[in-house]
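The values are calculated or read from the model by the stated rules, or taken from the named source; none is laboratory data. Not measured: the values here are computed from a predicted model. Note: ideal-geometry Cβ built from the backbone for every residue, glycine included; neighbour counts use all protein chains shown.
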Amino acid sequence: MTTIFTKIIAGEIPGTFVWRDEHCVAFLSINPMAHGHTLVVPIEEVDHWVDASPELTAHLFEVTRVIGVAQRAAFGCERVGVILAGYEVPHTHIHVIPTNSMSELSFANAAASVERDEMDRAADAIRSELRSMGRTEVA
């Protein structure tokens, strides 16, 4: 099952990456709920997150935490929300969303599209914070 995320990971479809390691990647959402909305996605195609190995799940959540710390520093948001829905794409992914209120955490708020410059600015801010944290996985 080749998913759109597999194609993004392989470079067949463009993605705005902020993280890459041997187990997962993180790239910005093209339908963001907020500036800097990032997806943490395993390289391995796992449809439902509960089917991932405990080791992969732990790694994905640690990367999610690190991305969240970088987002909080980059965007000065009150909280960083996390959503695992799994209906849009049959490839496990964790939405990491800078937010200032619970009402912002809704797919109804997702933008239909986002300007390339806005995505690049958000990605640069996240990458900068990751580098200041000493992370070498910055994409």
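The figures follow:
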{"quantity": "Odd one out for residue 73 among (1) of a type outside the set (Asp, Glu); (2) over 19 Å from residue 131 (Cβ atoms); (3) in contact with a helix residue (DSSP H, G or I) (Cβ under 6 Å, 6 or more places away or on another chain); (4) part of a helix (DSSP H, G or I)", "calculated": "(2)"}
{"quantity": "Top-ranked residue in the stretch 113-139 [being in a helix (DSSP H, G or I) and hydroxyl-bearing (Ser, Thr, Tyr); ranked as surrounded by the fewest Cβ atoms within 10 Å (Cβ to Cβ)]", "calculated": "132"}
{"quantity": "Tabulated pairs, the stretch 77-93, first charged (D, E, K, R), second assigned to a loop (DSSP other than H, G, I, E, B), C-beta under 7 angstrom, 6+ apart or interchain", "calculated": "78/100"}
{"quantity": "Cβ-Cβ under 7 Å pairs, at least 6 apart or on other chains, the stretch 45-63 side farther than 20 Å from residue 139 by Cα and among the hydrophobic types (A, V, I, L, M, F, W, C), far side modelled with pLDDT under 95 and not in a helix (DSSP H, G or I)", "calculated": "49/86"}
{"quantity": "Which numbered condition residue 67 misses (of (1) of a type in the set (Val, Ile, Thr); (2) in contact with a Lys or Arg (Cβ under 7 Å, 6 or more places away or on another chain); (3) closer than 16 Å to residue 20 by Cα)", "calculated": "(2)"}
{"quantity": "Residues (within 13 Å of residue 34 (Cα to Cα) and part of a strand (DSSP E or B)) located in the stretch 84-112", "calculated": "95, 96, 97, 98, 99"}
{"quantity": "Filter pass, residue 78 being surrounded by fewer than 17 Cβ atoms within 10 Å (Cβ to Cβ), modelled with pLDDT of 95 or more, farther than 16 Å from residue 16 by Cα and charged (D, E, K, R)", "calculated": "yes"}
